[in-house]
Amino acid sequence: MRRFLADSQPATHGLPLDFKDRDFLDITDFSRDELEHLFLVSDHMTRYLHNSIETLHGKLMASLFFEPSTRTRLSFEAAMKRLGGDAIGFADPAGSSYSKGETLVDTIHMVENYVDVIVLRHPAEGSAKIAAQITDLPVINAGSGALSHPSQALLDMYTIRREHGSIDGLKVAMVGDLKYGRTVHSLAYGLSLYKVKLMLVSPETLRMRPEILEDLDQRNLPVEQFSRIEEVLSEADVLYMTRIQKERFPDPLEFEQVRSVYKLTPELLESAKKDMIVLHPLPRIDEIDPRVDEDPHSRYFKQAQYGIITRMALLSLIFGVEEKV
Amino acid sequence: MRRFLADSQPATHGLPLDFKDRDFLDITDFSRDELEHLFLVSDHMTRYLHNSIETLHGKLMASLFFEPSTRTRLSFEAAMKRLGGDAIGFADPAGSSYSKGETLVDTIHMVENYVDVIVLRHPAEGSAKIAAQITDLPVINAGSGALSHPSQALLDMYTIRREHGSIDGLKVAMVGDLKYGRTVHSLAYGLSLYKVKLMLVSPETLRMRPEILEDLDQRNLPVEQFSRIEEVLSEADVLYMTRIQKERFPDPLEFEQVRSVYKLTPELLESAKKDMIVLHPLPRIDEIDPRVDEDPHSRYFKQAQYGIITRMALLSLIFGVEEKV
Amino acid sequence: MRRFLADSQPATHGLPLDFKDRDFLDITDFSRDELEHLFLVSDHMTRYLHNSIETLHGKLMASLFFEPSTRTRLSFEAAMKRLGGDAIGFADPAGSSYSKGETLVDTIHMVENYVDVIVLRHPAEGSAKIAAQITDLPVINAGSGALSHPSQALLDMYTIRREHGSIDGLKVAMVGDLKYGRTVHSLAYGLSLYKVKLMLVSPETLRMRPEILEDLDQRNLPVEQFSRIEEVLSEADVLYMTRIQKERFPDPLEFEQVRSVYKLTPELLESAKKDMIVLHPLPRIDEIDPRVDEDPHSRYFKQAQYGIITRMALLSLIFGVEEKV
């Protein structure tokens, strides 16, 4: 890996980057330089997308999903296997000792004996951090509570960088549930390392949390808030859609109203910039009209592809095997 | 593989067979020549039944089971792993994004980025075909709706061929639920490529669907219908039993009656031909008396063995690696 | 393996040990010599704890869990993968044909065609034995009914041996549910091969079963019964804690009372011998105060580590690959 960096701009500004054995709990665990390096490694991983390598041969990943998640789980497991490693774990808490009342702490104490890296999805805020404090193994946060989903932010940022050439200078609009959606929270923090403008579009009840807005302000990320997609469409370079969940609304009528307003259609997209890209962490329900799938703005299925290569890059770096690539 | 074909009769009649990257959605996707070739490859795979090879090393299969199925799922996963490959996936929809309302279309768009072949079990009619239209990856139908279960038909036909020496000239009786059982539907179409006589034995309410009977007629497959096992026992070369499910009957009394009539016992088998074989796609509940397991006619446990070798053959052919065997 | 034995005391007393293709259904299936050999192989496996080997390359294990169990399942799967093998299976019966009414017998008849070894967890007493009678493949009992969990006994005994240097001469106290807990039953039989004294501490309603006490007596294992942890604490070399389940008590008040009496705290441990070790098969609920985790007596998290190496040893021996180690 270090070899192929010679052909690129030096991302380290002279400082050696060291990812080996590190946890990845929050997107802010990585500096901008480190993110850029990870993106370069991801570029490189593209060639192994359907063509496995053996750099993690003999290594085992624990895939502990205390909440169901096909996409993130399969993406991490595929990444590990494409690199020659393997995985054990569970896909939902019902099949685990957790259902017998075991604490997360005890689960980590057990599983650290079986594997070399732990990938954890858990509904509790701060769960990944707790896991990382217990074990010496590297812990990767695959989604914890409502605030953090850093590997999703990685792939979102990589998608933006790869589709637009760079992240700096872009206007990124986030649409939908900005209060409970952990992907938008991690992405906002990640983008704060770049020179972007954030446009937040949500119903009143699902606004971005004030404490996050304050953080973003301190990190000098310009943020504007809106109520309708139409208000940002002609300006945005990235339109990041999210799922609005019925259970967030006490009143079903209010939900129906919001749903129709926050639905992206090909007609709406007519006023978008030519190179604007539409992203979505998926799964989507009906916040994006299926006709948009064929629209040249759509990139949300490509995100899944970038998801596996960024996770291959992340795992390679944490295992310290990039030089063998 | 092509080498060992030199020792066998040419199956291609001079035409090159090409399975590479093809979907396998229906048993009729394969010609008789192609089936025969696949059966020869299956013969060859027998030697790797407990002795893995490396022809699919580095390849990943998605095993997407939207309906639970131990047998078919484990058989495909074991086949892939015996060939040196690996698998990711889910065993039931509860652990998938499907439970969040994601469509099959979006699931396929996601998973095609992670793997090299997709094996799909789904309750909706035509689901495998939809998946195949979306992705460039080969799709294998592991059971869709009530009509199609082509890999089961493969192993059923292979069992008949291997246990009887050939399929042509045989009388095949199918017993039980011929209306909802997808295995009998696929098998009937598969057998229509051979010179067999079909004897259908079922209660009035579970008769083979008229549109299938019409298809079979157009394919020149002679079909006769019966109501009792006794009517076909002395003539049949193959007795293909199926499970009759309680939920198909509005009246529990009717179900009890049917159940006792469609139950195979050693006593019944006394009037069978000496080399008649009893098959069942399994799982069975009580439509075959456990005492039949030891009967020389029984072959339904051997079917499972043939299931893995036909699936190894299928995967090898689709990946185009038969020459490396 | 045989080579490294040359450096150790001969475990065989001149008799060749042969584990190849054997079932492991009960802890009493192994003689004391065989256990000692397995423990030596386990010592050796320590070096592969985070560093896989290839001795079981190409071999497949069926991991059939008809009851959920994260710990045992992940431990066996990790052991198999660390040895270069792979696994297929299911983590709970809902995802299996069992939920369609299939018998264990039929499941074994199916799966024996797919794999090289079967690891079975099943709620029915004697289930592993039934499985072993059906198939020629080696069957490993990963917990059956309330009486047998031999691989847990292996790791428990290995933990005692490794932490104390030897098992002979120790006083082992078992605390909690001695009636329904299968781990204490298997462990008691295992310890009867050694010169130990057993101290049983349980509420009246959860006493060790009379038929087991009789067996232990015939095996010349001295046993004493107690009602409070305090009565054994100053004497015990091993304190084996177990979970007391609410559902065992018709009266919730009685459960609350028992729970508070059978809870281990750092204060209680002050009267323990200096080198006494606390074990627990885990998961625990609240029968061990989390403050005990940091106590020098605690070894229950280390048990998990010993769990994977004893299972690696067991699998290696059953596959007959110890000489390749």
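The values are calculated or read from the model by the stated rules, or taken from the named source; none is laboratory data. Just so it is clear, the structure is predicted and the values come from calculations on it, not from any experiment. Glycine gets a Cβ as well: all are built from the backbone with ideal geometry, and neighbour counts include every protein chain shown. Accessible surface is based on the protein model in full, side chains and every heavy atom, while ligands, DNA and RNA are left aside. Shrake-Rupley method; radii C 1.70, N 1.55, O 1.52, S 1.80 Å.
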Place the label 7 angstrom along Cα→C-beta at residue B:124 and in each other copy, then list the distances from the first to the rest in nm, shortest first.
3.8, 3.8
Filter the trypsin sites (Lys or Arg not before Pro) in the stretch B:231-296 to those in DSSP coil with at most 10 other Cβ atoms within 10 Å of their Cβ, and list the result.
B:274
Could you run the Karplus curve 6.51 cos²θ - 1.76 cosθ + 1.60 with θ = phi - 60° over the stretch A:205-212 and give me ³J(HN,Hα) per residue in whole Hz, x for Gly and Pro?
6, 10, 5, 3, 4, x, 5, 6
Mean other chain Cβ within 10 Å across A:101-109 is 5
Percent of all alpha-carbon pairs of the stretch C:150-304 at distances over 20 Å, whole number, is 44
Carbon and sulfur atoms: what percent of the 1.4 Å accessible area of chain A do they account for?
49
Candidate residues A:102, B:224, C:214: accessible-area rank, largest first, probe 1.4 Å:
C:214, B:224, A:102
Provide the per residue accessible area, probe 1.4 Å, for the stretch C:150-304, rounded to a whole number of square angstrom.
41
Antiparallel content of DSSP bridges confined to the protein assembly as shown, in %, to 5:
5
For the stretch C:139-268, calculate the relative contact order in percent as a whole number, restricting contacts to Cα pairs under 8 Å that are 6 or more residues apart.
26
Relative to the longest principal axis of chain C, what angle (0 to 90°, nearest 10) does the C-alpha long axis of helix C:32-45 take?
80
So in chain C, what percent of DSSP beta bridges are antiparallel if you round to the nearest 5?
5
Go from 0 up to the bin containing the longest alpha carbon distance in chain C, width 10 Å each, and give me the % of pairs per bin.
6, 26, 34, 24, 9, 1
Here the stretch B:192-200 yields Karplus 3J(HN,Hα) values (6.51, -1.76, 1.60; θ = phi - 60°; whole Hz; Gly and Pro given as x) of 5, 7, 10, 8, 10, 10, 9, 10, 9
Under the classification rounded if a/c is under 1.5, otherwise prolate if a/b is larger than b/c and oblate if not, where does the protein assembly as shown fall, given a ≥ b ≥ c as square roots of the Cα gyration tensor eigenvalues?
oblate
Residues meeting the amide H criterion for residue A:174 (H placed from the backbone, H to H distance under 5 Å, 5 or more places apart or on another chain) are A:199, A:200, A:201, A:240
Total accessible area lost when C and B pair, probe 1.4 Å, Å² to nearest 100
2300
What residues does the stretch B:63-82 have that are buried by at least 30 Å² of accessible area in the full protein assembly compared to the chain on its own, 1.4 angstrom probe?
B:68, B:70, B:71, B:73, B:74, B:78, B:81, B:82
Identify, among A:312, B:203, A:167, the residue whose Cα sits farthest towards the positive end of the charge dipole of the protein assembly as shown, taking +1 on the Cβ of Lys and Arg and -1 on the Cβ of Asp and Glu, with the dipole about the Cα centre.
A:312
How large is the helix-only mean residue ellipticity at 222 nm for chain C, computed as the sum of -39500 (n - 2.57) over DSSP H runs with n ≥ 4, divided by its residue count, in deg cm²/dmol to the nearest 500?
-10500 deg cm²/dmol
Shortest first and in nm to one decimal, what separations exist between residue A:291 and its copies in the other chains, measuring from label points 7 Å along the Cα-to-beta-carbon line?
6.7, 6.7
Indicate, rounded to the nearest 5 percent, the antiparallel portion of the DSSP beta bridges found entirely in the stretch A:150-304.
0
Using a label point 7 Å beyond Cα on the Cα-Cβ vector, give me the inter-copy distances for residue A:234 in nanometres, one decimal, shortest first.
8.9, 8.9
